[in-house]
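Here's the structure, in structure tokens; my notes come after.
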Amino acid sequence: MKQWKIAFSSVTYAEKGKGVLAARGIRSRIVRLEPWESSGGCAYGLEVPQEDADAGTLETILARGHVRYSEILRG
């Protein structure tokens with residue numbers, strides 16, 4: 001299954017992101033990112049199945065939920 005990876009600066013933001021996405025019915029799980037996976041060196045992220053949402057939808061939901069993230073990566 002193909003996944004999006006959303007990079008966050010902290011596990012707290014990843015948890016907030018997970019909650020905002022879950023409220024919209026989008027599955028996700030918190031993961032530890034390798035240093036090379038994110039251009040900003042973020043340590044935590046969310047994996048979201050690509051079948052649940054596209055990158056634009058994820059951006060919109062997180063922005064409306066006031067959740068800061070670094071980038072959305074194709075996993």
Residue count for the stretch 4-29, restricted to those that are in contact with a strand residue (DSSP E or B) (Cβ under 6 Å, 6 or more places away or on another chain) and exposed (fewer than 13 other Cβ atoms within 10 Å of the Cβ): 1
Residue list for the stretch 5-33, filter: over 8 Å from Leu46 (Cα atoms), out of contact with any Ser or Thr (no Cβ under 7 Å at 6 or more places or on another chain) and outside any helix (DSSP H, G or I): Ser10, Arg24, Gly25, Ile26, Arg27, Arg32, Leu33
Complete set of residues in the stretch 48-72 that are of a type outside the set (S, T, N, Q), open to solvent by 20 Å² or more (accessible area, probe 1.4 Å) and not in a strand (DSSP E or B): Glu51, Asp52, Asp54, Ala55, Gly56, Glu59, Ala63, Arg64, Gly65, His66, Arg68, Tyr69
Counted residues, the stretch 29-44 - those being in contact with a Gly (Cβ under 9 Å, 6 or more places away or on another chain) and under 10 Å from Ile6 (Cα atoms): 4
Top-ranked residue of the stretch 13-49 - restricted to ones that are polar (S, T, N, Q) and at pLDDT below 95, ranked as nearest to the chain's Cα centre (by Cα): Ser38
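Does the stretch 30-47 contain any residue that is open to solvent by 40 Å² or more (accessible area, probe 1.4 Å) and of a type in the set (A, V, I, L, M, F, W, C)?
Within the stretch 30-47, one or more residues are open to solvent by 40 Å² or more (accessible area, probe 1.4 Å) and of a type in the set (A, V, I, L, M, F, W, C).
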Residues within the stretch 39-62 that are out of contact with any helix residue (DSSP H, G or I) (no Cβ under 7 Å at 6 or more places or on another chain), of a type in the set (A, V, I, L, M) and farther than 14 Å from Ala23 by Cα, tallied: 2
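The values are calculated or read from the model by the stated rules, or taken from the named source; none is laboratory data. Note that the coordinates shown come from a computational prediction; the quantities given were computed from them, not determined experimentally. In this analysis, Cβ positions are derived from the backbone assuming ideal geometry, glycine residues included, and neighbour counts consider all displayed protein chains. Quick note on the areas: whole protein, heavy atoms, side chains included, nothing else; ligands and nucleic acids left out. Shrake-Rupley method; radii C 1.70, N 1.55, O 1.52, S 1.80 Å.
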